[in-house]
Structure formats: structure tokens, C-alpha cells
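Reviewing the structure listed below.
The values are calculated or read from the model by the stated rules, or taken from the named source; none is laboratory data. In this text the structure is predicted, and so the values were computed from the model without any measurement. Cβ: placed from backbone, ideal geometry, glycine included. Neighbour counts: every protein chain shown.
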Amino acid sequence: MMPINARITKIVDETPSTKTFFLDLTLDSKSGQFVMAWIRGVDEIPMSLSYPNAITVQKVGDATSALFKLKKGDSIGVRGPIGNGFTLSGKSILLIAGGVGAAPLAPLAEAARDEKIRVKTLLGAKTGDELLFVKRFRGAGEIQTATDDGSKGHKGPVTGLLDELDLQDYDQIYSCGPEKMMGKVLEMAKDENMVPKTQFSLQRYIKCGMGICGTCCIDPSGLRVCVDGPVFSGDILVDSEFGRYARDASGRKMKL
Amino acid sequence: MMPINARITKIVDETPSTKTFFLDLTLDSKSGQFVMAWIRGVDEIPMSLSYPNAITVQKVGDATSALFKLKKGDSIGVRGPIGNGFTLSGKSILLIAGGVGAAPLAPLAEAARDEKIRVKTLLGAKTGDELLFVKRFRGAGEIQTATDDGSKGHKGPVTGLLDELDLQDYDQIYSCGPEKMMGKVLEMAKDENMVPKTQFSLQRYIKCGMGICGTCCIDPSGLRVCVDGPVFSGDILVDSEFGRYARDASGRKMKL
Amino acid sequence: MDLTIDLSGLKLKNPTILAAGILGTSAASLKRVAQHGAGAVVTKSIGASPREGHPGPVLVKTERGFLNAMGLPNPSYHEFVRELETVKGDVPVIASIFGSNAKEFEEVALGLSKARPDAFELNLSCPHAKGYGATLGTDPLKVKEIIKSVKSVVDVPVWAKLPPVANIVELGLAAQEGGADAVVVINTIPAMGIDIESGCPILGNKVGGLSGAAIKPVALRCVYELCATLSIDVIGVGGISTWKDAVEFIMAGASAVEIGSAVHDDINVFRNVSKGITQFLEKRQCSLEDIRGVAQK
Amino acid sequence: MDLTIDLSGLKLKNPTILAAGILGTSAASLKRVAQHGAGAVVTKSIGASPREGHPGPVLVKTERGFLNAMGLPNPSYHEFVRELETVKGDVPVIASIFGSNAKEFEEVALGLSKARPDAFELNLSCPHAKGYGATLGTDPLKVKEIIKSVKSVVDVPVWAKLPPVANIVELGLAAQEGGADAVVVINTIPAMGIDIESGCPILGNKVGGLSGAAIKPVALRCVYELCATLSIDVIGVGGISTWKDAVEFIMAGASAVEIGSAVHDDINVFRNVSKGITQFLEKRQCSLEDIRGVAQK
Ligand SMILES: Cc1cc2nc3c(=O)[nH]c(=O)nc-3n(C[C@H](O)[C@H](O)[C@H](O)COP(=O)(O)OP(=O)(O)OC[C@H]3O[C@@H](n4cnc5c(N)ncnc54)[C@H](O)[C@@H]3O)c2cc1C
Ligand SMILES: Cc1cc2nc3c(=O)[nH]c(=O)nc-3n(C[C@H](O)[C@H](O)[C@H](O)COP(=O)(O)OP(=O)(O)OC[C@H]3O[C@@H](n4cnc5c(N)ncnc54)[C@H](O)[C@@H]3O)c2cc1C
Ligand SMILES: Cc1cc2nc3c(=O)[nH]c(=O)nc-3n(C[C@H](O)[C@H](O)[C@H](O)COP(=O)(O)O)c2cc1C
Ligand SMILES: Cc1cc2nc3c(=O)[nH]c(=O)nc-3n(C[C@H](O)[C@H](O)[C@H](O)COP(=O)(O)O)c2cc1C
Ligand code: FES
Ligand code: FES
């Protein structure tokens, strides 16, 4: 698949560190799928679809900074949608989002609402103004927030909110965010025997996005995050590298 | 198009110099179309389809001799059908065949009969036992024969039979055979203002059979015998190289 | 929209050129291609003596491209010079020639000069005729020597057609130093196929060359690298069948493109490519010059 | 039907091998490919120090094949040796290594030897990493020297992976003289693509290598010519995605085949190719040996 040219039609400042880039092309996609966004002359990076026609980007380095410099009317190359995406199931679901991990979960919340599924979202961020897509989650159901500095909602990690919930109330649990956080969610699900009912969206170094290069493979299954994921059931992640280590661009293991 | 493997299911001796090779594949073809027959290790040569599943071959050189050595059960490679083929039209048609030129005309005669078109065939050969497909032509309509040695029918060239006919009785005239003979037919058609109602199947050196190499192009139109032909209306052949010269394997002009 | 170009001193009404060895055996055929929109036409490669070429199959279409081993069939310059005389007219006619050494190239060029072709294209790249083509064309010294020789006996532009090699720039520089007015890349890539039913190689000559869409990315790389270094015109050939392909080559820096195998699907490919380029430029409101070489930046 | 082969002394349960640089970054991934039917697996090419590789796009799929310029990303042998230790088990594991000269190749080979790979494959052919791969692999003298060096420090088979060049036989002979136990052809062909919307080369590194179905006829020609001349094993790679492709290579004389890009469409390609070969042989009532090299006759 060759990159398609996509013109930026609108840029929305979501939080101090994230912007949403709306594109002039609508992908027939599932929540949780992603695209490879080519910022020409710089790099190509994986980005979840936060809408069928948009990506929501946190500025963290070279490529994301270059993307932040683009204006309405500029264009990027887009390959996708890629990956499996989340599978909706049950009558009542729980979403646990940390930081920009809210990007693939917001469309999932909306899709669930449209299918009359009850949605509860736990949304975390460093600070109150970094909470992403609060309105979208609220529009889709119930929402509770947590911030590291306590500026909005619960003070502390978003997983702190789980202590007050009974996981058994939910048919399925979806999570995307920093892996430490997701690791915690998996642990709690394990305690509650809920592992088969969890779905996690992983962030791994993606190079080819085509299931060929092997950069994104996880231990011990050898599954590829780019095409076999990025969403995996907790079953696959239990006793894996998940929450413990990942690999960098060269393939070296890095502790999380 | 890659050659398809075709097994020889039956070999019929038609005349002392020609054999029909039936193959285990039936091509969805039109009379007048041909195939490239690959006699492996020797050469690939153009052969008209004398049946949807057969070619009728006269032994004249390397490749045809090699083909004659094959037995039932042996196989050749086949690419095709190639070319335009004859276009049937009218209520009453005249076929003029010389030698192995009868190969593409016999299925045409049968197709015409099936469409209730009246068919008259003038069939020529060197000797009586070289007359090809007499039965097939008779089965499709009327037939008159001519032989160089007079051993069967009219003595002399098949075009001699034309003197006794009124070309105007026919809606369309089809010819295949030695080019000198076909040239004569075109001349006579010219005299009768019948040129637009004639169709000739040309034999030119064919190499690629794909309209790429240019070996088979005719003057002055530049049309390719392999894909634009091998059947051309008399209109295109009038005042052309037809009946006068052709090119050999190297592209050199040879007088006919 | 104006697509005319100046190519090594020749004026072409558009940048699409019929490639050597494709429908280039007779004057009538070359003219027919010109009528279908080619901006210039290159003849079949012509040598010093007649050759019948390799036994068949000489050309097959695989799922991914064409394989050919024609074997340089040609009637020799003695015969072809008369054909060439009668092509002149509509568009520039480039005589493709081959030889086994500089002297033979010279002889053929001189022989055909009587018919006054608009330029010569030296086949230094045919991959499947022993002693000719790529046998010489992969050696920078021979490339230079042969071009020099031909340049010394003709007064029209001389193009060098080079094979697809990793060190293409080295060959291109040799051609430029030898005095070539343009380089043409690429010829077919050495390749073959095997018929698994019989276990026989699919070409009569066993090995041959790959052309068609499959080789486009390889040709484009050669053009891109040559354009970055050479000061003479670079003509791209290999796998071009749509206007988009042609635009890629022009953006890589090509002055013009040659089209070969794609005549199989449509002899109107020249007209269609020109039309597509025109529409592309009109939409962008820019000229051919504006997009040439933009990928080099 | 028995598809086992003896390949430069290694015993493989079937002749399909995972190609270098494909799903070969981690032990888990290599094992997963083995579980999908590969008769052996080759690791990602490993060097002396960590490399992040080229900026993206590093791999795109065009209509006619894959273009890649990964840039030899790897964690270095220091790190990878631990990974390699844990792969051992199901099928033979071949360590692909690269370096900028004979000494560096030696260093990497020695470094990885602790993990006892079943063989080494020397990457003398990557086309888009300056100073490595094809930069060395197109020079017969360097090929010979590097193989000799590595052979002198390891006691397992050494395979030489060569680039697709016209004079492949010269390189193959150099490898054989250097003591290689097998040659592997081909690596990707230098190539590129241009995004006509932006005028940018489509790969982050601008130029890269072409792989996938498009290059099969080119790889087959290299295998055919090498098998006609060499006495060591020849392993075919390039564009293989079906059992028919594999049979073509075996008929050309290949002892085994490696499969790369085709994992994109189906990671089960190894199993499917083996199954297809088995059925083909059963129908003909013959063995793998019976069809090997028949196209040479
Ligand atoms: C499936 C998936 C979906 C993602 N969705 C989003 C999203 O919706 N919004 C968002 O802001 N971010 C998302 N990311 C993360 C995003 O891809 C990285 O933040 C981005 O690649 C950083 O690029 P950079 O050049 O700006 O940073 P760099 O300067 O290159 O590095 C900064 C950090 O980003 C990581 N990174 C760099 N390149 C990649 C890469 N190719 N693949 C994965 N990680 C990389 C590095 O490990 C490093 O930790 C997603 C990642 C994946 C794998
Ligand atoms: C469209 C078409 C349909 C034909 N149909 C039939 C048919 O049904 N039955 C039949 O017996 N013959 C047919 N021929 C003629 C047949 O192709 C030649 O007789 C055959 O190619 C000779 O091959 P050879 O190697 O035996 O002869 P050679 O020893 O190569 O030469 C003998 C003669 O055949 C001619 N010839 C050789 N190769 C070719 C070639 N590739 N293309 C054209 N002519 C060639 C030569 O010019 C020479 O005059 C047809 C030809 C064409 C163009
Ligand atoms: C049937 C055929 C014959 C060819 N003959 C010649 C030739 O005589 N001289 C030459 O320089 N190139 C010859 N070529 C190479 C083409 O000119 C061209 O370089 C190559 O086919 C790549 O372009 P394409 O992909 O558009 O076909 C031939 C190619 C084909 C397919
Ligand atoms: C993404 C990618 C990465 C590759 N990395 C390597 C490598 O590290 N070392 C190597 O020797 N070959 C490498 N190759 C080349 C392949 O091993 C193989 O030779 C080539 O892709 C042709 O085979 P294919 O058509 O089956 O892919 C790579 C190819 C691709 C597509
Ligand atoms: S990023 Fe290449 S396999 Fe996933
Ligand atoms: S035989 Fe090649 S164009 Fe007709």
C-alpha cells in the first residue's frame, strides 16, 4: 500500500501537548486501528485514528514536532488503516485511558454508545488541562478523571480509580495508555479473573507497519503489534514482556 | 500470457504432408485466430486453430518436423488464442483455400453452416491427396477442388475456379493460402468492386505474437499481423506489400 | 499546455519516445507509432550483418513483467538504410545501433548516416546477446571509447543506452566524458523463467531480459542517481505505462521517457501519457520545467 | 513425501527458509516463523554496533513489489547474542551478519558464536547502507577475503549472500574459492519510488531495494547461472510466494529457497509452499532430487 496524499482541513488544539489533525480523507476503519503518517522529509510514524478522518498527536520528538509545524492546507502521506482494532462486545464496558491513549478509545466509546452499550471511562493525564477528549467520553457515557497533580479529579494514577469499581460489573475492559498503567490494569484483571475480557492497545516501535520487518514483535508469542495487533486480549499479554520491557528502534530491549 | 501445457490426445494424418494434433485443452476462440505452439527446446511457431482444440500442421522445417516427431501423450506449450479472426457476415459466402490455408477456413465453414449461411468452398492443393479437409468443407456446403497436377478437380491454381463464378453472388469472400494465390483473389475482387467484402488471413513471420517486437508489421499501414490481424479486409491490403513481398526473420524484405 | 522539449538539441512535441526494439523494424511501423502520439521514435537496434535472432519463445508475459530474448534480429545497416530513409517526416527518428567494438559501431553509424537519422542511440545494454550490448556497456572504458568513436564520425546527437547496474553513475560519467549528448536508462534486467510443466526455461535462449512494470523502480533509481550527477540529458525507460509513471521519471530529473512493453496493452500509450501529464500540469498550473527534478531537492 | 534436505551439512525438514531481515529481530518471532513451517530461519543482519536504521518510510508496497530501505537496524552482536541463545530448538538458525570489512565480519561472527548458530549468512549484498553489503559484495576480491576470514574463526557452515549483478558467476566463484559452503542470491535490487503528489522520494532514505514478486525472474536467472557453474549449494531468494515459484528455483538447481516479503500476505507461506511442492511431487511420483536442476539440461 502506497501512502495516500491527505490534506489537513482543520487543526484543533486539544490540550497543551496534543492537537487533532483532520484530513480530507475518511478511512473505512475500526476504532483502535492506526495509520502510518508520513511527515515528508522527516519520518513516518504510527498514529491511531481518533476519528475516521483524523489523528490526535502528542508532541514528543522529531516527527511529531514537524507535524505540529504544519498548517491547514498542508498535506501528509497516509497509509492505512492498519491493524486489528478493538472488538466491541457486551452490554456494559469499561474504558481506561491514559494521556494520548484516549485517542483510539474515544471513537470506541462513541461506537459503543451508538450500539446502545453502556460506557464508563476512566481518563487520566498528568494535569487537568491534559485530559484528552473529556467531552467525547462524557457524550458517550459516564466519565471519571484522574490527574497526577490532582488538578482535576482523583489525584494519582488513573488505575487508582479502579479501587472503587467492581470490575465484574463490566463485560469487557479496554485500555490504552502508558504501559506501566496498562500493566497495572492487567494485574487487577488477573486478580478478578477478568483477563479474557480485557483488550489492550499496545505502543511499540513500528517501522514497516506491514508485518515484514519484525521490529514490533512481542515476547514470547512473536506476534506483530502492527498487523496482529495493536490490540491484544489480556490472555496473550499475561506473562509476556507487556508492562516490563519493549524494544527500541535498533531492537535493543528497554526496561519500561 | 505464459504458455499453457497442452497434451496431445490424438494425431490424425490428414494428407501426406499435414497432420492434425488434438490437444487436451479447448480454447474459447474464433475461426482465424491462432496460437503460438511451443515445441520445447526447438522453437515457438504460429499455428491456426483448425478446431477449438487442434492445430493442423504442414511439415516445412525445423519446428514443424520436431512437432511431427511427437506422439500421443507428449505435450507442447500453447499461448493463445491470438489475433482477430474472421468476421462472419451475409447469407452466402465464398471460401478460397490453398494448401494448409484450409486450416483456419474449415472451422469458419462449419460456423457459417451452424448459422445457416450458405457456404461455397474452392479448395486447392498441389495434388489430390494434399487436398485438406475436403469432408469438412463438403459437410458445410458446396465444394469445388483444384490441383496443380490435375489429379483431382480442376487442373491449375484454385483461382482458376473463380472464372466460372459470379463473385457478386456472395456477400463475403474469405481466403487463406499462398499469398500469390490470395493476391490474385484480391485483384479479381478489385475488378468486381468487391474489395470491402473480402477477408484474407495473412502468414507473416511471427516472433512475439504480442504486438511488441514489430517483426510482423505490414507496409504501408504498419499494422501488426499478430494482433491487428492475421485477418485483414481487402481494403487494407489493396496497394500494400500484400502479394508482393514479405519480411524474413531478420526483417529483410523477400519477394514473394 | 506546452509539452515540447529540447532534447540534446532535438525538438520533440512531447517527452514520450518509442523505445528501441519495439515496433521499430519497419518505416511503416515507426510512422504508425508516431501517429499514435510518440514525440520521437527509436528504431530496432541495427548491426553490421543480418541476424535472425534467437529461437522462440522470444517474448513471454509473466504475471509480473515481460521476459524477452529476441537476440538482436535485424537486416543489417546495408538493408535498413533504405527503410530509415522513408521514416523521416513526422517526428525525430533515432537510429539504435549495436556492434561488438568501437570500429563496428562506427561502421554501422556511418552506414546509416546516409539516411540522416536525427540522432543515434548506442545499444550498450542488451543483456542477452553475447559479445554485444551489456557485455561492452558494463565497462566504463569501453563505453567511453565507443561513444568517442561514433561521435567522431557523425554530426548528430549521440545517446548512450546503459544497462541497469549498481554503479550506474560511473557508467553515466564515462558516457558523458566520451561526449554522449544524452544517456538512456535502462535496458531490460537479466532474467529468466522456467516452465514447471516441462522443466524447460521459458525462453528459447534460456536467459533473457525483464521489462515492463516490474522494473520501473529499478529504472527510476538509475535516472535519479544519474540526474544528480550528470550535466547531459537523462532519458528514462523501464516499466512506464501511465502518465503517473512518466511524472515520477520527470520528477527524478529525466528530460524525456521511452516506452516499450506498454504498447502491448495499448499502442495509444504515448498519447495517453501526454494527455495525463498535460492534465496534471494544468491542475497544478505549472510547466514541465517546474516539476523536472523536484525529487532531487 | 520426504522434503528433508541436507544443506551445506545442515539437515532441514523442508527447503523453505525465512530470509534475512524479515521477522528476524527477536527469538520469539523467529520461533513463530518456524512454527509456521519454515525449514530454517535466518536472523536480521547483525553488526558490530547498534544502528537505529533509516528514517521512515522504510518499506512501502507498490503495485509491483516492495521497496525498502531499513538501513540495517540492529542491536549489535553484544546484545543479540543473548537473543540468539534462546532461539535454538525447532529448526536450524542461521545468523546473518554484516560488517564494513573482513575484520569486522570476523568480530561479529566470533561474538555471536557463543550462541552457537547453526550457520552464518554473510550479508554482502544490502544495497542501501553505505560502506556495507553490496558495497563490498560487488567486488569479487573482497567477497573472497571476507569469507576466508569468517571461515577461519567459525566451525559452522558459512553462506555468502550476494547481490543481483550481471556477472553473478564471477562473484559466486569468488565465494566458492573463499570457502563458502553455500551462496544465497539475491538481495533486493537498488530501486526507488517517487510520490508524485509531493515530489518526494517515497523512502526516507530516498533509494532502497526492490523485493517481492517483481524480482523473481531476476533471482531465478542468478540461481540458474550459478548452479551451472558452482559445486557448492545455491539458495534462491527473491519474489517467492507460491510453491510454483519454489519449484522454478529448484528446477533451476537451487538446493533450497528463502522467503521474505511474502510473509506480508501470509505468514503461513512456508507451510503452503511445502504442501504445494509435496503435492506436485506426489502427482509426478518423483522426489525433490528428481526435479532439482532439470532446467539445466
Ligand atoms: C499503534 C500505535 C498508535 C499510536 N497512536 C498514537 C496517537 O494516536 N497519538 C500519539 O500522539 N502517538 C501515538 N503513538 C505514538 C507515536 O507513534 C510516537 O509518539 C511517535 O512515533 C513519536 O515520533 P517522534 O519522531 O516525534 O519521536 P521520537 O523523537 O522519534 O521519539 C520519541 C518517542 O516516541 C517513540 N517512537 C518514535 N518513533 C516511533 C515509531 N515509529 N513507532 C512507535 N514509537 C515510536 C520512541 O520510542 C520515543 O520513546 C502510537 C504508537 C503506536 C505504535
Ligand atoms: C497466423 C499464422 C497462422 C499459421 N497457421 C498455420 C497452420 O495452421 N498450419 C501450418 O502448417 N502452418 C501455419 N502457419 C505457418 C507456420 O507458422 C510455419 O510453417 C512454421 O512456422 C514453420 O516453422 P519451421 O520451423 O518448421 O520452419 P522453418 O525451417 O523455420 O522455415 C520454413 C518456412 O516457414 C516460415 N516460418 C518459420 N518460422 C516462422 C514463424 N515464426 N512465423 C511465420 N512463418 C515462419 C519461414 O519463413 C519459412 O518460409 C501459420 C503462420 C501464421 C503467421
Ligand atoms: C521485445 C523487446 C525487444 C527489445 N529490443 C531492444 C533493442 O533492440 N535495443 C535496445 O536497446 N533495447 C531493446 N529492448 C529494451 C527496451 O528498449 C527497453 O529498454 C526495455 O524494454 C524497458 O522498457 P519497457 O519496460 O518500457 O519495455 C527491447 C525490449 C523488448 C521487450
Ligand atoms: C524489509 C526488508 C528487510 C531486509 N533486511 C535484510 C537484511 O537485514 N539482511 C539481508 O541480507 N537481506 C535483507 N533483506 C533482503 C531479503 O532477505 C531478501 O533477499 C529480499 O527481500 C528478496 O526476497 P523476497 O522477494 O522474498 O523478499 C531485507 C528485505 C526486506 C524486504
Ligand atoms: S513494524 Fe514491521 S513487522 Fe511490525
Ligand atoms: S510478432 Fe511481434 S509484433 Fe507481431
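Taking interchain pairs and intrachain pairs at least six residues apart, which have beta carbon atoms under 7 angstrom, with the first residue in region C:126-137 and facing another protein chain (nearest Cβ under 9 Å) and the second part of a helix (DSSP H, G or I)?
From residues that are facing another protein chain (nearest Cβ under 9 Å), the pairs are C:PRO127/C:ALA134.
Which residue out of B:ASP62, B:ASP74, B:ASP43 is within 14 Å of chain C (Cβ to nearest Cβ), within 15 Å of ligand 6 (Cβ to nearest atom) and of a type in the set (Asp, Glu)?
The unique qualifying residue is B:ASP43.
If B:GLY234 satisfies every condition in (1) in contact with a strand residue (DSSP E or B) (Cβ under 9 Å, 6 or more places away or on another chain); (2) within 16 Å of ligand 2 (Cβ to nearest atom) but one, which is the exception?
All conditions are met except number (2).
For (1) closer than 30 Å to C:VAL294 by Cβ; (2) within 9 Å of chain C (Cβ to nearest Cβ); (3) in contact with a Ser or Thr (Cβ under 7 Å, 6 or more places away or on another chain); (4) away from ligand 2 (no atom under 16 Å from the Cβ), each residue gets a yes or a no:
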site	(1), (2), (3), (4)
D:ASN187	yes, no, yes, yes
D:LYS216	no, yes, no, yes
D:SER231	no, no, no, yes
D:ILE235	no, no, yes, yes
D:LYS244	no, yes, no, yes
D:VAL247	no, yes, no, yes
D:ALA252	no, yes, no, yes
D:SER261	yes, no, yes, yes
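Return a yes/no flag: does region B:175-184 have any residue that is assigned to a loop (DSSP other than H, G, I, E, B), surrounded by fewer than 20 Cβ atoms within 10 Å (Cβ to Cβ) and at pLDDT 95 or above.
Checked region B:175-184: at least one residue is assigned to a loop (DSSP other than H, G, I, E, B), surrounded by fewer than 20 Cβ atoms within 10 Å (Cβ to Cβ) and at pLDDT 95 or above.
Which ones in region C:60-85 are surrounded by fewer than 24 Cβ atoms within 10 Å (Cβ to Cβ) and either within 14 Å of ligand 6 (Cβ to nearest atom) or of a type in the set (S, T, N, Q) (or both)?
Across region C:60-85, the qualifying residues are C:LYS61, C:THR62, C:GLY71, C:SER76.
If you take the residues in region A:214-252 that are surrounded by fewer than 17 Cβ atoms within 10 Å (Cβ to Cβ) and either in a strand (DSSP E or B) or near ligand 5 (Cβ under 10 Å from one of its atoms) (or both), which one is nearest to the other protein chains (Cβ to nearest Cβ)?
Across region A:214-252, the extreme among qualifying residues is A:TYR245.
Out of region A:8-27, which residues are surrounded by fewer than 20 Cβ atoms within 10 Å (Cβ to Cβ), in a loop (DSSP other than H, G, I, E, B) and modelled with pLDDT of 95 or more?
A:PRO16, A:ASP24 - these are the residues of region A:8-27 that are surrounded by fewer than 20 Cβ atoms within 10 Å (Cβ to Cβ), in a loop (DSSP other than H, G, I, E, B) and modelled with pLDDT of 95 or more.
Filter region B:79-116 down to the residues that are among the charged types (D, E, K, R) and at negative phi, then identify the one that is surrounded by the most Cβ atoms within 10 Å (Cβ to Cβ).
B:ARG79
Of (1) buried (at least 24 other Cβ atoms within 10 Å of the Cβ); (2) among the small types (Gly, Ala, Ser); (3) more than 8 Å from chain B (Cβ to nearest Cβ), C:GLY24 satisfies all except one. Which?
It is condition (3) that C:GLY24 fails.
Identify the single condition in (1) in contact with a Ser or Thr (Cβ under 8 Å, 6 or more places away or on another chain); (2) assigned to a loop (DSSP other than H, G, I, E, B) that C:CYS286 does not satisfy, given that it satisfies every other one.
(1)
Does D:GLU197 fit the bill of being among the charged types (D, E, K, R), under 30 Å from A:SER75 (Cβ atoms) and in contact with a strand residue (DSSP E or B) (Cβ under 7 Å, 6 or more places away or on another chain)?
yes
Within region A:196-207, can one find any residue that is surrounded by fewer than 21 Cβ atoms within 10 Å (Cβ to Cβ) and either within 16 Å of ligand 6 (Cβ to nearest atom) or in a strand (DSSP E or B) (or both)?
No, because not a single residue in region A:196-207 is surrounded by fewer than 21 Cβ atoms within 10 Å (Cβ to Cβ) and either within 16 Å of ligand 6 (Cβ to nearest atom) or in a strand (DSSP E or B) (or both).
Select, from B:LEU132, B:LEU161, the only residue that is part of a loop (DSSP other than H, G, I, E, B), aliphatic (A, V, I, L, M) and under 19 Å from B:ILE96 (Cβ atoms).
The conditions single out B:LEU132.
If I filter region A:39-89 down to residues being hydroxyl-bearing (Ser, Thr, Tyr) and assigned to a loop (DSSP other than H, G, I, E, B), which single residue comes out as modelled with the lowest pLDDT?
The qualifying residue modelled with the lowest pLDDT is A:SER89.
For region C:88-95, indicate whether the set of residues that are more than 30 Å from D:LYS130 (Cα to Cα), within 14 Å of chain B (Cβ to nearest Cβ) and surrounded by fewer than 24 Cβ atoms within 10 Å (Cβ to Cβ) is non-empty.
Within region C:88-95, one or more residues are more than 30 Å from D:LYS130 (Cα to Cα), within 14 Å of chain B (Cβ to nearest Cβ) and surrounded by fewer than 24 Cβ atoms within 10 Å (Cβ to Cβ).
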